[in-house]
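In what follows, a structure is listed as structure tokens, so that the remarks can point back to it.
The values are calculated or read from the model by the stated rules, or taken from the named source; none is laboratory data. Computed from a predicted structure; not experimentally measured. All Cβ positions, even for glycine, are placed from backbone atoms using ideal geometry, and neighbour counts span all protein chains on display. In case anyone asks, the SASA skips ligands and DNA or RNA and just uses the protein heavy atoms, side chains included. Shrake-Rupley method; radii C 1.70, N 1.55, O 1.52, S 1.80 Å.
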Amino acid sequence: MPEPVDHETLPRATLTPRRRVRISVIWLIPLVAAVVAIGIAVNRILNEGPTISIVFKAAEGVEAGKTFIKYKDVKIGQVTAVKLDEDYDKVRVTAQIDKDAEGLMVEDAKFWIVEPRITLSGVSGLGTLLSGNYIGFEKGSSKKRQRRFTGLKVASVITIDQPGRQFVLKASDMGSLGIGSPIYFRRIRVGQVMAYDLAADGKDVTIKAFVNAPYDQFVTQETRFWNASGLDVSLGADGLDVRTQSLVALLIGGVAFETPTFAASGEPAAADSSFTLYGDRTTAMKQPETIARHYVVYFSESIRGLSAGAPVTLLGIPAGEITEVGIDLDPETLNPRARVEVVAYPERVVARLNAQQTATGEDIVRSKQQANAFFERLVEEWGLRAQLRTGSLITGQRYVALDFFPDAPKAEIDWNKEIPVVPTVPSTLPDLEAKVTGILDKLDKIPYEAIGNDTKKTLETLNKAIEHIDAGITPELKSSIVELRRVLATTDRVLKNTDATLLGKDAPGQLELRDALQEVARAARSVRVLSDYLELHPDALLRGKSAEKP
């Protein structure tokens, strides 16, 4: 059996409270600051855009912390550093891009420095005079992200989102064209030159032209482009032709395009289609000739003023042109003679026929045999001949005219020759020159000296006659004038005396006349009184006037 336990003697357990660790409040401040700093850093990292670098050839007006990068006039970044590149040849600009614009930093994005620029094509960047230069930006179409870029010298002429199409023009030289030169369609500015480059072989120049929408739809495969820079002046047998697009094109050059009326209307040309850039509109709009007949014309007179390209007309209608002007020896006489090669385009003549005859004309010109027979009949039966004529008396330009001379000597065409010869008739210009020469000869035969002597003698005789008149007639005339003046003076004096004695206000005649009239008036009143009294007292004639009663 267990022994009893004295609970009083048992040691008692005591509860010792746990020691509390006390932390000072002051330690919370750095902890909070650290948390806030970490939060700010995380927030900045999460909201911070990429850092990019742009290499420019020069960075005029670009400063760290002040220069912005703008897209559509909206700030999308800021320059953080500007320093020279490793080779000291360029400038490397570091910029911080906003998080929202991070997706714009792709490999074909473009950067350039916007600054005040004054050119013949206009003024740009005037706003930077107050705000300072900034870096312009144009987005690209690539999806590949990039952080290193090469800046452009000038802004891109065409933005990627501008509607329209680009075409390639090939020319022998640039003329006065340049980047930004306008492109015209019917004298409306519809685009501009984007870029140009010299061909690898150095023989021509490639020009990239951009035509804005919706005008790009008027560019078809048949469209002709020509250089519209300055004045398009042509002087020929047809006279002076001057064309220009606008004052801007006159100063800085330009390109114009048009589709010829004879060309078929086709579908709009695809982008980057290649065209030839002609030197002038006349050349560009020239209709291609599918049928050409070559002939030779010999002249025995001077062909001065006749040159290649001069027109050949049929009854005044353009029918061809001169291709070569030279000299030849007559195989029979060995005498030199002018040799002129011409090319005839019969389709031009057929185009002038009326609608009912067009089909017949086309059948003739498309068959060489029929065409030769028709031309031979005109020469042999109708007297068709070639003749030199003057297109302009001022410039002296001449051309070849095909006309009918029924009285001309008979002639035939030898079709067996390599180039058929068209018979000619002399020009009328030598006759005119002979007539002018005859007139000049007659003028030379006039005795100008004898006529002058006779005229001199006549004048001397006339002077003598005038002197005689002055010596014989003039004294009598002077005497008559003096006498006339004396008579006039006497008349004037008489009139004044008359006015003083009769007509003047205080003239004696006037006073006497006035008194007489007063006497007559009194007599008249007495008679009237007498008549009235007799009417009342007729017996007064017998008895006399009775005494008046008081």
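Put Lys110, Lys153, Lys72 in order of accessible area, highest first, and with a 1.4 Å probe you get Lys153, Lys72, Lys110. Pairs exceeding a 23 Å alpha-carbon distance, out of Lys72/Lys110; Lys90/Lys170; Lys66/Lys144; Lys72/Lys170: Lys90/Lys170; Lys66/Lys144; Lys72/Lys170.
Potential lengthening of the chain between Gln217 and Glu467 amounts to 80.7 nm, from the contour at 0.36 nm per residue minus the alpha-carbon distance. Excluding ligands, DNA and RNA, the accessible surface per residue across the range 146-190 is 55 Å² with a 1.4 Å probe.
Separation of the range 15-94 from the range 377-410 is 91 Å, based on Cα centroids. Length available on full extension from Ser24 to Ser392: 0.36 nm per residue minus the Cα-Cα distance, which gives 121.1 nm.
Subtracting the Cα-Cα distance of Ala199 and Thr283 from 0.36 nm times their residue separation leaves 27.9 nm of extension gain. Applying 1/(1 + (r/R0)^6) with R0 = 45 Å to the Cβ-Cβ distance of Ala41 and Lys72 gives a FRET efficiency near 0.90. Going by a ≥ b ≥ c, the root eigenvalues of the Cα gyration tensor, does the range 257-392 fall in the rounded group (a/c under 1.5), the prolate group (a/b larger than b/c) or the oblate group? It is oblate, given that a/c is not under 1.5 and a/b is not larger than b/c. Of the chymotrypsin sites (Phe, Trp or Tyr not before Pro) found in the range 133-164, not one falls in a DSSP loop while having at most 13 other beta-carbon atoms within 10 Å.
Computed from backbone phi, the HN-Hα couplings of the range 271-284 come to 4, 6, 5, 9, 9, 8, 9, 7, x, 8, 5, 4, 5, 5 Hz, rounded to whole numbers (Karplus: 6.51 cos²θ - 1.76 cosθ + 1.60, θ = phi - 60°; Gly and Pro given as x). With all protein chains in place and ligands, DNA and RNA left out, the 1.4 Å accessible area ranks Trp226, Trp27 as Trp27, Trp226, largest first. About the centre of its Cα atoms, the range 319-416 shows a dipole size close to 360 debye [charges on the beta carbon of Lys, Arg (+1) and Asp, Glu (-1) only; nearest 20 debye].
From the square roots a ≥ b ≥ c of the eigenvalues of the alpha-carbon gyration tensor of the range 305-371, which class results: rounded (a/c under 1.5), prolate (a/b over b/c), or oblate? Prolate, since a/c reaches 1.5 and a/b exceeds b/c.
In this calculation the C-beta distance from Ala359 to Ile160 is compared with R0 = 41 Å, giving a FRET efficiency of 0.15.
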